[in-house]
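Since every read-out is calculated from the coordinates, none of them should be taken as a lab result. Note that this is a predicted model, so its numbers are computed, not measured. Backbone-built Cβ (ideal geometry, glycine too); neighbour counts: all protein chains shown.
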Amino acid sequence: MTLGTTRLSIGGRINRERALAFRFEGRSLSAYQGDTLASALLANDVHLIGRSFKYHRPRGFMSSGVEEPNALLTLGSGARRTPNVPATTAELYEGLICERQNAWPSVEFDLMSITGRLASVFEAGFYYKTFMGPRRGSWMFYERFIRRAAGLGSATHLADPDRYDTRHAFTDVLIIGSGPAGLAAARAAGRSGCRVTLLEQDFLLGGSLLTASTESPDEDLRRSLEADVASLPNVEILRRTTAIGVYDGLTVVWVERRESARPDPAKGEAREILVTCRARAIVHAEGALERPLIFGNNDLPGILLASAVRTYLNRYALRLGKHILIATNNDSAWATGIDLAATGARVTLADERPTANASLLESARRAGIEVRMATQLGQARGTRAVRGAWLRTEGAAAQWLACDLIAMSGGWSPTVHLTSHTGVRPVYDNIIGAMVPGPWPAGVSGAGAVAGAREDLLAHGHKVGSGAARSVGASGDAGDPIPGSPWTMGWAQPVQNRAKARSKAFVDFQNDVTTNDVVLAYEEGYESLEHLKRYTTLGMGTDQGKTSNLAAAQLMAELRGSDLGASGATTYRPPYTPVSVGALAGRSIGAHFRPTRRTPLHDWHVANGATMIEAGPWLRPWFYAWAGGEAATAYLAEMKLVRGGVGISDTSSLGKIDVQGPDAAEFLDRIYVNHFASLPVGKARYGVMLNDDGIVLDDGTTSRFSEFCYFLTTTTAQAGEVMSRLEFLLQTAWTDLRVQVLSVTDRWAGMSVAGPLSRRALTLALPGIDLSNEALPHMGVSEHVSDGMPVRVLRLSFSGELAYEIYVPADRGTAMWEMILKRASPLGIKPYGLEALASLRIEKGHVAGLELDHRNTLADLGLAKMASQKKAFVGRELKERAELTAPERWSLVGLECLDTTARLRGGAILFAKEDPIRGHGRGYITSVMYSTVLKKSIALALYRGGLTHRGEEIVCASPLRGEQVRARIVSPMFIDASGERLHG
Amino acid sequence: MTVLSHYSALALARRALFGTSWARAWRKPEPRKTYDVVIVGGGGHGLATAYYLASRHGISNVAVLERGYLGSGNVGRNTTLVRSNYQMPGNTEFFEHSLQLWEGLSHELNFNVMLSQRGQLVLAHGPVQLDVLARKGNTMRLNGIGCELFDRSDVQRFLPFLDYSTHCRFPIYGGLFQPRAGTVRHDAVAWGYARAADRLGVDIIENCEVSGFLRDGDAVSGVETNRGRIQAGRTLISVAGHSSHVARLAGLRLPIESHLLQAFVTEPVKPFLDCVVSFGAELFYISQSDKGGMVFGGHIDGFNSYTQRGQFPKASTVAECAVALIPGMSRLRLLRHWAGIQDMTPDGSPFMGRTPIKNLYLNGGWCYQGFKATPAAGWCMAHTLAHGEEHPLIRHLAIDRFERGNGSDEYGLGLWTYKQ
Amino acid sequence: MLRIPCPHCGLRDYTEFLYAGDATKQRPAHGSSEWRAWYEHVFLFDNPKGAHLEYWQHVQGCRQWLVLERDTSTNAVGRAWLARQGARS
């Protein structure tokens, strides 16, 4: 017998008026609007849908929903190629392209199925026991083949042309699932008057109601429920929307899928939208999933879940066989048989239970079904499709039944995936033979099958929905439950021992885990459910064990002779169904991966030839085109300008903090190692602050503009951390200090005008301001108003030259910058970038960047003398720890290259001349540059013992470059040690 | 009937042909009254310690006590990376020793842990970052550890599918490649050590929770458990994320906060990424498992927690990194994310060795590095327990190092446990 | 999503905040030369599995430092108050 699908001419929830064309492995096929890809393929008689992961056995559809383990296809092509999509969840659209995967050369004829013949070798965990020899690294040889054989579909490396968005949502009652209980809950909560959001992963509402015939009263019920809910303006209904995870704080994350509407990224339409919703109450209504039966060859194409067979019949008008065997251990599958028989199919029903209730038996008899009670399906047979099964009736010999379709039902498992995400462990319910959610946490409840409800699901949903509404303070009248026939679950009885099947009986279909594998795991001692999972890979597939976990747990419990309740449940992890990495990333990709901080002068830099470089979140000018085409040479020209004339650079990214209040001086005295209370108004001072552990945290200059008002600067990198730290100390430890701190980083544009001509340049630019040595000495600061603009002038130098920092309000930054450039142009002023800025300070021996590596002390940086002996400061006590005051610490030195043709390299490891060149050496180079003043390569470095080794010749080893360069230890202050230039 | 206890292709064939049974991977013994050494914690480190105690020091009267199932902690929750690209003195040698032990482990244990040395590339996104990597690489070379510095064009040749476009937020500048780095099948490490230790007579006792320590004057003399009192000559705490919790039972306060680190895996696909890649713009690392899933992770969640489940925003953060690094990742689908409890210390390095309490030893505070350290941690702790004195490779990891001020801050992040 | 009841800004996602550890640790008085007290304050943590009082700063909101009650074994959040009011309220 072969499989033969009949698309019925009436019934179903498909639109026969709207045919959709799609392509399957190059073939043009057609189906209807309302079809999933699964029903569309079945309608075109495609039953062999893939090969299994390990044994490459032929596989067909097993389900009609998210639990599908077999029917994974690759959708789309080119940059839109998407592997591993369950055909049962893909809504058909015009022009869809798909193909089968994981077979060679083809799914129809797969040479890899040889692994199935060798199955007794490829049992669970076999790879832990072999592929080890002959040599130590031999695994790398075998692994190449295993990696190629593993994996399901193949993915593209091309950038995704589609767009993904993210959104935030808030609601009062969030209901997950629109089956009978979910719809009833939404109706009740909505009528109570609160904001309700109803999520449905399918493109139709109804859940299990959709398995019923469109001609049945259940359809009327579904329609009126849907109409009731849709009529409530306070209820938001989201279709094609999957809740992927439930997180702390009643937060639910869902994904809205738009693919079937073929979104156009050029129009800003997203393929998927990821929504983070904070609810005040969550109602779980995910329903239950049907379990497969475990019997020999239960994975043959043509063996489906009974509910799926009924869904294909009643929703998609597809009768999947003519001679049908229903194998079940519960009531629910009987409806499948009755509906099938009504289409004229020959139906045999084998129920494992000794008896069923009289009304069921009567309905089956009237439908013409041959019922065999106390009958188990022993083994199915077929090669690429089922052709019959051996049935075992108690007390009788096994009987062969020819059939072309088997609809199986092993009972139902509440869908406890989402309910357990927040740590609520499922518990075993002996009565219904399944895991149900553990005790609900505050704000969470469950409606219908997911909660293991025995009663009418509509009434249960109504009760839970109105309860959730009341819990969030809604006072409206929820009214009565919708009238209609009771809709209850056909819960199963616990199943019997199925261990040791003669032919393969699959527990996990996707990962090819059989009952024998479970027995093997038990025999080898992998008894805990987590060991079983990890050893056999059971439940680790893309279906996350939706159809396998409980059966495996039951099997293991039987083997161990223990109670299933005692062995507990495995842990379900988000997401509920796989979610695109692109949807998780949303718009934070490419240029928008992280926010870009731009200084107020950014646009000027870009327009005037600057090459920009990332500095943490900032973009800063690296070098300017006037000086050259690449950083390595341009910075030399820019430095030469500053050393010999005047240059201007953008320092706006420095952290800037206003510190104000009567106790501001005391506060600064506490946070800096040196004195600030004694700083006169109108002066600035360089300060260093430590962490509580005595390690250097940050440095910068702080200016005093009035008695109670200081202006503190931090490094660009540490600005945020220092600000938080100051606030922390003021708000927790020193609440008695009358001080306010405020970040003004973004309020001021800052620029440094540096070089021997800088005073002349600024005198030209700001003629109203007295910049004489008397009016503004070194480290002097002053405030002015120029052209109606507040201006702060700080005579500070990072470069070692006579220099000024100018601060103006951010929106006036460009105007000031341009004015200085224009008015001082006779002096040849030009901008210089970060590379020159960083090199100028190296030449002067100022620490920054890699010298401040959060591992060094004041003394390591040559700053020990700054620490006050007269006052306390943060970090004072712990900086005295023994190892921090040891003499042989790695401390700051300068290095001069002794080989004229060579260069010092950042990251070179330092050795004394006599040392063997191996191990960790005595230090390393932190910063390098070529000094235009000294005409040689110089560097800052940390070296054991520091400047006590001044004058010694050392070796700088860069084995990565195959270099060893000789250098001499010198003072890190390479130029102008006496500071004449500063005071000029 | 004979059972097969030695693993080999031949044994697999024998079983296939004759149906011979496999021996249990490890026994399920009842705890005895007294052991020479009791190891609290049946994770990778505890089991490795037991194995090396028995195999290298002849001490097999050892019990490993595990609260849940063996390997239920971080050994089965990590992103499986192994490498030895460390620069701080002590760290370089320790992690290289670990990598060398990894290289012989499958043979040593007769259990295939699937060490896959496909290399790790750490990326730099600017000249300063490349200097930092150069220091690390030079240090590695000078300690006999192979690695190479890549410039941008080297990286592009090596991994042509990373984002080299002009709109890339943090352009790739270069990288440091360690060819011997790679991945290991994590669960197999716990099982392999357990099986090998069991063969040597070590008792591995699951579902055995320690509720207190027995005291004999100023020394610890054993443990109180839900399966009775167990005397021990020496006792080791080796419990990963629960170090503070267990040490407090002995009256110790530690420089540790417990944080959550999440891991992520996509659906399996055919070979997509051959090596481990670490992003340089943020903490993010990715590799592809033999089964085909892309395995990746990032930073800790940022506040202390023992819940073993992560916060959602981190899933977005790492997904953003994934797409920023490999644009083709966008259409792959995330299959699972989960969290492990991780001891965070002020300097990002662990504590190994004696505690202030006699006969009580600690191995904890592993931050991000616990898995790759497993063999060397076991090796060094076994030595330390056997001799009563720290192995030379772990002397820089003493529990009292902050009193003396010699922290081992590999990443230079400063004092904060929640930033390490 | 952990959500924190900021006394100024209401219930907000934890991603707007910066965590800074145990709020019950007693910081030695400024200028204290009790070396041991500083060492314990800076380096040792109770790190309890259960009730925890901890500092968070609402960096993307009012920038106030808060003390939050949270259970580290469940992430259940209790009250939050301004750190100025003291670690115990």
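Centre-to-centre, using Cα atoms only, the range A:431-488 and the range B:94-152 are separated by 56 Å. Run lengths n ≥ 4 of DSSP H only: what is the helix-derived mean residue ellipticity at 222 nm for chain A, with -39500 (n - 2.57) per run over all residues, to the nearest 500? Theoretical 222 nm ellipticity from helices: -6000 deg cm²/dmol. The Kirkwood radius of the range A:741-806, taken over pairs of alpha-carbon atoms, gives through the Stokes-Einstein law at 10 °C and 1.306 mPa s a diffusion coefficient of 128 µm² s⁻¹. Distance between Cα centroids, the range A:537-590 to the range A:115-143: provide it in whole Å. After rounding, the separation between the Cα centres reads 26 Å. Take every Cα pair under 8 Å whose residues are at least 6 apart in sequence, average their separation, divide by the length of chain C, and the relative contact order is 30 percent.
The modelled label-to-label distance for the pair A:Ser9/B:Ser211, using points 7 Å beyond Cα in the direction of Cβ, is 7.6 nm. Taking amide H positions as modeled 1.01 Å from N, with prolines and chain starts lacking one, the residues under 5 Å from A:Ile237 and 5 or more places away or on another chain are A:Leu198. The 3J(HN,Hα) values that the Karplus relation (6.51, -1.76, 1.60; θ = phi - 60°) gives for the range A:62-74 are, in residue order, 10, 9, 10, x, 5, 7, 4, x, 9, 7, 9, 10, 9 Hz. Gly and Pro appear as x.
If R0 equals 45 Å, the separation of the Cβ atoms of C:His8 and C:Ser73 corresponds to a calculated FRET efficiency of about 0.95. Placing unit charges on the Cβ atoms only, positive for Lys and Arg and negative for Asp and Glu, gives chain B a dipole magnitude near 920 debye about its Cα centre. Helix A:834-844 and the longest principal axis of the C-alpha atoms of chain A enclose an angle of approximately 50°.
Among the residues of A:272-284, the average count of other protein chain beta-carbon atoms within 10 Å of the residue beta-carbon is 1.
Can you give me the C-alpha center-to-center distance between the range B:265-333 and the range C:19-63, rounded to a whole angstrom? So the separation of the two Cα centres works out to 32 Å.
Here the extension length gained between A:Ser678 and A:Lys267 equals 141.7 nm, from 0.36 nm per residue of separation less the Cα-Cα distance. The gain in end-to-end length when the A:Asn430 to A:Asn773 segment is fully stretched comes to 114.3 nm, 0.36 nm per residue minus the alpha carbon separation. Here the sum of -39500 (n - 2.57) over DSSP H runs of 4 or more residues, divided by the residues of chain B, equals -9000 deg cm²/dmol at 222 nm, to the nearest 500. The order of the peptides A:868-880, A:325-337 by mean Cβ neighbours within 10 Å, most packed first, is A:325-337, A:868-880. Between the helical axis of A:332-341 and the dominant principal axis of chain A, each derived from Cα atoms, what acute angle in degrees is found, rounded to the nearest 10? Around 60 degrees separate the two axes.
The mean count of C-beta atoms from other chains within 10 Å of the C-beta of residues in A:449-460, rounded to a whole number, is 0.
For chain A, the relative contact order comes to 9 percent (Cα pairs under 8 Å, sequence separation of at least 6).
Between A:Val688 and A:Val673, A:Asn674, the built amide H atoms are under 5 Å apart, and every one of these is 5 or more places off in sequence or on another chain.
Taking amide H as placed 1.01 Å from N in the peptide plane, A:Gly153 has its amide H under 5 Å from the amide H of A:Asn84, B:Lys270, each at least 5 places away in sequence or on another chain. For the range A:138-238, chymotrypsin sites (Phe, Trp or Tyr not before Pro) meeting the loop criterion (DSSP other than H, G, I, E, B) and having at most 10 other Cβ atoms within 10 Å: none.
Counting only alpha carbon atoms, the long axis of helix A:217-230 and the longest principal axis of chain A meet at about 20°. Counting Cβ atoms of other protein chains within 10 Å of each Cβ in A:248-254 and taking the mean gives 6. Each of B:Ala377, B:Leu362, B:Phe303 was placed along the dipole of the range B:268-420 (beta-carbon charges, centred on the mean Cα), and the one lying farthest toward the positive end is B:Phe303.
Short to long, the 10 Å bins of the Cα pair-distance histogram for the range A:6-129 hold 13, 40, 30, 13, 5, 1 percent of all pairs. Report note on the peptides A:316-323, B:370-377: ranked by the mean count of other C-beta atoms within 10 Å, highest first, their order is B:370-377, A:316-323.
With a Förster radius of 51 Å applied to the beta-carbon distance between A:Arg16 and B:Leu10, the computed FRET efficiency rounds to 0.25. Rg/Rh, computed from the Cα trace of chain C with Rh as the Kirkwood radius, has the value 1.00.
Direction-averaged projected area, Cα convex hull, the protein assembly as shown: 55.8 nm², rounded to one decimal.
Simple spin-label estimate for A:Trp626 and A:Glu455 gives 8.3 nm between the two label positions (7 Å along the Cα-to-Cβ direction from each Cα). Secondary structure note: in chain A, about 75% of the DSSP beta bridges are antiparallel. Ordering B:99-108, A:831-840, A:69-78 by mean Cβ neighbour count within 10 Å, with the highest value first, yields A:831-840, A:69-78, B:99-108.
Here chain A is assigned +1 on the Cβ of each Lys and Arg and -1 on the Cβ of each Asp and Glu. Its dipole about the Cα centre then comes out at about 1920 debye.
The HN-Hα couplings worked out from phi for the range B:27-44 by the Karplus form 6.51 cos²θ - 1.76 cosθ + 1.60 (θ = phi - 60°) are 6, 10, x, 7, x, 7, 6, 9, 9, 5, 9, 10, 10, 8, x, x, x, x Hz, whole numbers, x standing for Gly and Pro. Just so you know, the Cα atoms of the range A:887-984 work out to an Rg and Dmax of 13.4, 47 Å. Using all Cα-Cα distances in chain B, what percent lands in each 20 angstrom bin from 0 up to the longest? Each 20 Å bin holds this share of Cα pairs: 26, 56, 17, 0. For the range A:273-278, 3J(HN,Hα) computed residue by residue from phi via the Karplus equation (6.51, -1.76, 1.60; θ = phi - 60°) reads 10, 9, 10, 9, 10, 9 Hz, glycine and proline entered as x. Inter-label distance, A:Arg144 to B:Asp151: 3.1 nm, where each label sits 7 Å from its Cα along the C-beta direction.
For A:Ser154 and A:Ser120, the difference between the fully extended length at 0.36 nm per residue and the C-alpha to C-alpha distance is 9.4 nm. Taking a point 7 Å from the Cα of A:Tyr686 along the Cα-to-Cβ direction, the residues of the range A:653-671 with backbone N closer than 18 Å to it are A:654-655.
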